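Down below is the structure, laid out as structure tokens.
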């Protein structure tokens, strides 16, 4: 690079103004000799790059001792602008293009600064610059309005208020400023609504924590009740299978299963009765009552099926006893009443011998 003193030495008679112009030209042609801290979109950490030339979007720069060429838009917008700025000549049209470059990347302050430089350097650009500044104002005001709405979405009412006030001060009269003014008038009401919602959320979280603690305390008893419900569901199916076995001639298996069902239901009811003191949490007493009623109904149904099959195989003595046990649980059960009448018609207790055949004797 030709330095200023070399030029002056070769042309000693050159007027000072021409000399300064040539020196500046030499410096501008040589390009920047300093490194910028820039960041690529694909990298988190900034690095030093010395911009060399820009051809369209193709940027050539030095990174350390290595010369690299990349699309300038691979840099974050702020870095892309600084690289472009470093390679932009200090003349009106070039600065106007730089301003547009910044505007396209939503860098409003930088675009405004470059437009100001263009206005100083070239007065003939007044019309183009006026349109550009108007566009900068419009886009920046819309960006501020969008920023305020983003703050509201995040429940930051005061942040939104600050942004909207700034919007009104900087861009009064714009469409965005008018919408911002209307939005400002609703902020107090919105703040109250957000506060109420926040209190509701806090109350819900507190309730959730309390419910979790309560679930932990009542878990053992709830599990105990659930086991009874599962057992009853299994025994209800077991009674259907037992009835099918008894009807198919597998009397011992069917009637034995019915006896097991009665025994299991009795144990459930006894356990519920003995442990009522543990049923202290909401819904547990009612749940226990439902389980007890279900167990009682299943016991009666098993007794009724059991007595019916005993009657069908003419084991009248045991059929009568089973029927009586069932009637003790529900004296108004029409099935049991009718069955008792049928048994009594053919069975005279006084004439029956003491021996009673066991349930499986009919197999």
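The values are calculated or read from the model by the stated rules, or taken from the named source; none is laboratory data. If you're wondering where the values come from, they're calculated on a predicted model, not measured in any experiment. Counting neighbours? That spans all protein chains shown, and the Cβs are built from the backbone with ideal geometry, glycine included.
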**Complete:** Of the conditions (1) surrounded by 12 or more Cβ atoms within 10 Å (Cβ to Cβ); (2) closer than 24 Å to residue 117 by Cα; (3) modelled with pLDDT under 95, the single one that residue 33 does not satisfy is (1)
**Prompt:** (1) surrounded by 14 or more Cβ atoms within 10 Å (Cβ to Cβ); (2) farther than 30 Å from residue 127 by Cα: which one isn't true of residue 80, the others all being true?
**Reply:** (2)
**Fill in**
Of 39, 69, 60, the only residue that is modelled with pLDDT of 95 or more and loosely packed, with under 14 Cβ neighbours inside 10 Å is 69
**Item:** Test: residue 80 is part of a helix (DSSP H, G or I) and at pLDDT below 90
**Value:** no
**Message:** Looking at (1) more than 23 Å from residue 230 (Cβ to Cβ); (2) within 55 Å of the chain's Cα centre (by Cα); (3) modelled with pLDDT under 95, which one does residue 276 not meet, given that it meets all the others?
**Reply:** (1)
**Message:** Given the criteria touching a helix residue (DSSP H, G or I) at 6+ places or on another chain (Cβ under 7 Å), at pLDDT 95 or above and surrounded by 13 or more Cβ atoms within 10 Å (Cβ to Cβ), does residue 51 qualify?
**Reply:** yes
**Message:** Among the residues that make up the stretch 172-184, is at least one of them touching a helix residue (DSSP H, G or I) at 6+ places or on another chain (Cβ under 8 Å), free of Cβ contacts under 8 Å to residues at least 24 places away in the same chain and over 23 Å from residue 109 (Cβ atoms)?
**Reply:** yes
**Item:** Residue count for the stretch 45-77, restricted to those that are under 22 Å from residue 89 (Cβ atoms), more than 45 Å from the chain's Cα centre (by Cα) and in a loop (DSSP other than H, G, I, E, B)
**Value:** 0
**Message:** Being in contact (Cβ under 8 Å) with a residue 12 or more places away in the chain, within 55 Å of the chain's Cα centre (by Cα) and within 20 Å of residue 223 (Cβ to Cβ): is that true of residue 295 here?
**Reply:** yes
**Message:** Checking the condition out of contact with any strand residue (DSSP E or B) (no Cβ under 8 Å at 6 or more places or on another chain), surrounded by 11 or more Cβ atoms within 10 Å (Cβ to Cβ) and outside the structural domain of residue 327 (by TED's automatic domain parsing), which residue from 250, 197 passes?
**Reply:** 197
**Members of the stretch 297-316 found to be assigned to a helix (DSSP H, G or I) and surrounded by fewer than 17 Cβ atoms within 10 Å (Cβ to Cβ), listed by number** = 297, 312
**Message:** Let me confirm something: among 244, 257, 191, which residue is part of a helix (DSSP H, G or I), more than 21 Å from residue 303 (Cβ to Cβ) and without any contact (Cβ under 8 Å) to a residue 40 or more places away in the chain?
**Reply:** 191
